[in-house]
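Chemist: The structure that follows is given in the form of structure tokens.
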Amino acid sequence: MPSAVTPIRSSALSDVAQYAYAATAPKDARLIFLAGACPLESDGSTAAVGDYAGQAAKCIETMTTALHAAGATLTDVISTRVLVASTRQSDLVAAWEVVRDAFGDHDVPSTLFGVTVLGYDDQLVEIETVAAVVD
């Protein structure tokens, strides 16, 4: 089934950004709001301690599972917020590259944040997500 999400790009804005600047969904779409996907193992421990890319990958895995439970896939995501506990741009980029690659051609509008701390011990990355599907 094709995605209900339509990424919007503008030639008036920089093409350096690795994502669409906006996205829409039809008025009859069902919106899905996911809690922040965290890099947690099934036993509650934090995955990939000290590894920004590894934690981003675990967050994508967690997000994909939550989307599936709601009847959606990554191509149904309409926006993300990627939170990275670091003041170093290179750490943010390491997490972002994993997220960008996971979405592939579906260059969902995204915002990348450096934050001071996240909620779990040793947590470095969290991804907030909104998706839209037409049932």
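Chemist: Name the residue that is surrounded by the most Cβ atoms within 10 Å (Cβ to Cβ), counting only residues in segment 1-26 that are more than 19 Å from the chain's Cα centre (by Cα) and of a type in the set (Ser, Thr, Tyr).
Modeler: It comes out as 10.
Chemist: Going by the structure shown, is residue 101 open to solvent by 50 Å² or more (accessible area, probe 1.4 Å), touching a Leu at 6+ places or on another chain (Cβ under 9 Å) and either within 15 Å of residue 126 (Cβ to Cβ) or charged (D, E, K, R) (or both)?
Modeler: Answer is no for this residue.
Chemist: Here is a further query. Please determine whether any residue of segment 106-122 is within 21 Å of residue 40 (Cβ to Cβ), modelled with pLDDT of 95 or more, assigned to a strand (DSSP E or B) and acidic (Asp, Glu).
Modeler: no
Chemist: Follow-up question, since we're still on this one. Out of (1) open to solvent by 20 Å² or more (accessible area, probe 1.4 Å); (2) over 26 Å from residue 8 (Cα atoms); (3) touching a Phe, Trp or Tyr at 6+ places or on another chain (Cβ under 8 Å), the odd one out for residue 90 is which?
Modeler: In the conditions (1) open to solvent by 20 Å² or more (accessible area, probe 1.4 Å); (2) over 26 Å from residue 8 (Cα atoms); (3) touching a Phe, Trp or Tyr at 6+ places or on another chain (Cβ under 8 Å), residue 90 misses (3) alone.
Chemist: Something else about it: Filter segment 104-135 for residues that are open to solvent by less than 60 Å² (accessible area, probe 1.4 Å) and out of contact with any strand residue (DSSP E or B) (no Cβ under 8 Å at 6 or more places or on another chain) and give the result.
Modeler: 104
Chemist: Now a separate question. For segment 71-87, give me each residue that is open to solvent by 20 Å² or more (accessible area, probe 1.4 Å), within 13 Å of residue 7 (Cβ to Cβ) and part of a strand (DSSP E or B).
Modeler: Of everything in segment 71-87, those that are open to solvent by 20 Å² or more (accessible area, probe 1.4 Å), within 13 Å of residue 7 (Cβ to Cβ) and part of a strand (DSSP E or B) turn out to be 78, 79.
Chemist: I want to confirm something. Restricting to segment 27-53 and keeping residues that are more than 18 Å from residue 115 (Cα to Cα) and of a type in the set (Gly, Ala, Ser), which single residue is most open to solvent (accessible area, probe 1.4 Å)?
Modeler: Taking the candidates together, the pick is 42.
Chemist: Among 47, 56, 29, which is the only one that is in contact with a Lys or Arg (Cβ under 7 Å, 6 or more places away or on another chain) and of a type outside the set (Lys, Arg)? Show your work before the answer.
Modeler: Numbers: 56 fails: in contact with a Lys or Arg (Cβ under 7 Å, 6 or more places away or on another chain); 29 fails: in contact with a Lys or Arg (Cβ under 7 Å, 6 or more places away or on another chain).
Criteria check complete, one pass: 47.
Chemist: Answer yes or no: is there a residue in segment 60-70 that is surrounded by fewer than 12 Cβ atoms within 10 Å (Cβ to Cβ), farther than 22 Å from residue 124 by Cα and either touching a residue at least 40 places away in the same chain (Cβ under 8 Å) or more than 17 Å from the chain's Cα centre (by Cα) (or both). Please lay out each step first, then the result.
Modeler: Of all residues in segment 60-70, those surrounded by fewer than 12 Cβ atoms within 10 Å (Cβ to Cβ) come to 65, 68-69.
After this cut, where a residue has to be farther than 22 Å from residue 124 by Cα as well, the list is 68-69.
The next check asks that each one be either touching a residue at least 40 places away in the same chain (Cβ under 8 Å) or more than 17 Å from the chain's Cα centre (by Cα) (or both); those that pass are none.
Within segment 60-70 (the criterion being surrounded by fewer than 12 Cβ atoms within 10 Å (Cβ to Cβ), farther than 22 Å from residue 124 by Cα and either touching a residue at least 40 places away in the same chain (Cβ under 8 Å) or more than 17 Å from the chain's Cα centre (by Cα) (or both)), the answer is no, since none of the residues qualifies.
Chemist: Still on this model: For residue 108, state whether it is in contact (Cβ under 8 Å) with a residue 12 or more places away in the chain and over 19 Å from residue 8 (Cα atoms).
Modeler: The answer is no for residue 108.
Chemist: Starting from segment 71-92, keep only residues that are under 16 Å from residue 23 (Cβ atoms), then list their pairs with residues that are among the acidic types (Asp, Glu) and assigned to a strand (DSSP E or B) whose Cβ atoms are within a distance under 6 Å, requiring at least 6 positions of separation or different chains.
Modeler: Within 6 Å, the pairs are 81/128.
Chemist: Just one of 66, 48 is part of a helix (DSSP H, G or I), at pLDDT 95 or above and small (Gly, Ala, Ser); which is it? Spell out how you get there, then give the answer.
Modeler: On the way: 48 fails: part of a helix (DSSP H, G or I).
Within the list 66, 48, the selection yields 66.
The values are calculated or read from the model by the stated rules, or taken from the named source; none is laboratory data. Quick caveat: nothing in here was measured; it's all calculated off a predicted structure. Positions of Cβ are generated from backbone atoms using ideal geometry, with glycine treated the same way; all protein chains shown enter the neighbour counts. Just so you know, the surface numbers come from the protein's heavy atoms only, side chains and all, with ligands and any DNA or RNA stripped out. Shrake-Rupley method; radii C 1.70, N 1.55, O 1.52, S 1.80 Å.
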